[in-house]
Amino acid sequence: MSNTDEEGAGPPYGEYLVWFMRAVSVLWLAKGLMHWSVVIGYGEGRETRFLEMSVLSQSVTVFFAVFDLVAAVGLWMAAAWGGVIWLIAAMAHLLINIFMPNVFGRQIPFVSVILILMCVYLFLTFMAAREEAIE
């Protein structure tokens, strides 16, 4: 079997992982900018007025405003630390939604999307590492 046959044997999971990370990066950038819009006062109702929020809600909003943008940059660069920061941010959002629903309210559809994205990311990372080990 020639070397070209081995390369075409399976899907290029490494490339899929990079494209997936970039797509999630765009979503996470939008999420971070959404939190910044709340911080700077670009909202439409009383619940989005930053100064009228509880201190806990303000702290969580600022945390995600910064952390989400850092994760988005790391994901876009397809850096290993970007995936780790994103997983930490995603887990933090899940845990806050589960254990402190009064901060953002129950966001079942958003939490479901985060769980699906995390599973896809872990699968692609595993398959890309396995593909690299075979080569």
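No value in this document is a laboratory result; all are computed from the given coordinates. As the structure is a prediction and not an experimental result, all values here were calculated from the model. Cβ: placed from backbone, ideal geometry, glycine included. Neighbour counts: every protein chain shown.
Within the range 93-135, being in a loop (DSSP other than H, G, I, E, B) and closer than 16 Å to residue 14 by Cα holds for one residue alone: 135.
Among the residues of the range 116-130, the ones that are among the hydrophobic types (A, V, I, L, M, F, W, C) and touching a helix residue (DSSP H, G or I) at 6+ places or on another chain (Cβ under 7 Å) come to 6 in all.
Across the range 69-98, the number of residues qualifying as aromatic (Phe, Trp, Tyr) and either crowded, with 16+ Cβ neighbours inside 10 Å or within 8 Å of the chain's Cα centre (by Cα) (or both) comes to 2.
If the condition is being surrounded by 14 or more Cβ atoms within 10 Å (Cβ to Cβ) and either touching a residue at least 24 places away in the same chain (Cβ under 8 Å) or not aromatic (Phe, Trp, Tyr) (or both), then the range 50-65 contributes 53, 57, 58, 60, 61, 62, 63, 64, 65.
Scanning the range 99-135 for residues that are surrounded by 16 or more Cβ atoms within 10 Å (Cβ to Cβ) and among the charged types (D, E, K, R) gives a single hit, 131. Among the residues of the range 56-63, not a single one is small (Gly, Ala, Ser), in a helix (DSSP H, G or I) and under 26 Å from residue 11 (Cα atoms).
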